[in-house]
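Readers should treat all values here as calculations from the given coordinates under stated rules, not as data from a laboratory. Given the structure is predicted, the values throughout are model-derived calculations rather than measurements. A quick note on method: Cβ atoms are made from the backbone with ideal geometry, for glycine too, and the neighbour counts reach across all protein chains shown.
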């Protein structure tokens, strides 16, 4: 089951309200995405913690219906 | 019951091996591009690591996700600590942070 990019963005923003989210459909197949997420909430957190926050926002879809989401996270400069 | 057994097995792999990669397939024959990428980075750095093939054990495959609160495989552990999955390891490898982590933790690796 594939997911729409807009749906991924919505879920991330629901979980992390100030997030600036950029989503790329890497193969144009609705199944392999890259997401770049920038949020104040990431400040002072490790990369593992930042990614866990995004996975949390995706409510269990990561690794399930969302097969491949390459993730890059950062706090604003 | 099986959940406890898989947690025990995961914990002992991590305790007994300085560098452990939970992956799909083996280091020689990875069955997934993401697992292959991490195994490749470790091989490039000439780091000795133990590969645990989650495809051989459904309990480990599920258990490792709960163990680390991390939904995907591969997962890299160094000296008992969860370092990250494919994206993080790749980012760290490219920036030189991975090499630095190995140095700090006293793991032999190529420069």
**Fill in**
Taking only C-alpha positions in the protein assembly as shown, Rg and Dmax in angstrom work out to 16.5, 47
**Asked** At what distance in nm do the modelled label points of residue B:100 and residue A:34 sit from each other, each positioned 7 Å from its Cα along Cα→Cβ?
**Response** 2.3 nm
**Request:** Would you mind telling me the antiparallel percentage of the DSSP bridges in the protein assembly as shown, rounded to 5?
**Result:** 55 percent
**Request:** Report the FRET efficiency, 1/(1 + (r/R0)^6), for residue B:31 and residue B:7, where r is their Cβ-Cβ distance and R0 is 22 Å, rounded to 0.05.
**Result:** 0.40
**Asked** Over region B:2-104, with a single point scatterer placed on each C-alpha, what log10 of the ratio I(q)/I(0) does the Debye formula yield at q = 0.11, 0.12, 0.16 1/Å?
**Response** -0.28, -0.34, -0.61
**Item:** chain A shape via C-alpha gyration tensor axes, a/c threshold 1.5
**Value:** prolate
**Request:** With an 8 Å cut-off on Cα pairs and a minimum separation of 6 or more residues, tell me the relative contact order of chain A in percent.
**Result:** 36 percent
**Theoretical ellipticity at 222 nm over chain B - DSSP helices of four or more residues, -39500 (n - 2.57) apiece, nearest 500** = -15500 deg cm²/dmol
**Prompt:** GNM on chain A, C-alpha springs below 10 Å: top fluctuator among A:61, A:47, A:27?
**Reply:** A:27
**Message:** Between residue A:43 and residue A:26, what is 0.36 nm times their sequence separation minus the Cα-Cα distance? Round to one decimal in nm.
**Reply:** 3.4 nm
**Prompt:** Most fluctuating residue of B:85, B:63, B:96 in a GNM of chain B with Cα springs under 10 Å: which is it?
**Reply:** B:96
**Prompt:** Which value in nm describes the separation of the simple spin-label points at residue A:65 and residue B:40, placed 7 Å from the Cα toward the beta carbon?
**Reply:** 3.1 nm
**Item:** Burial ordering of A:3, B:23, fewest other beta-carbon atoms within 10 Å first
**Value:** A:3, B:23
**Message:** At a threshold of 8 angstrom on Cα-Cα distance, excluding pairs fewer than six apart, so keeping six or more, what relative contact order does region B:2-104 reach in percent?
**Reply:** 32 percent
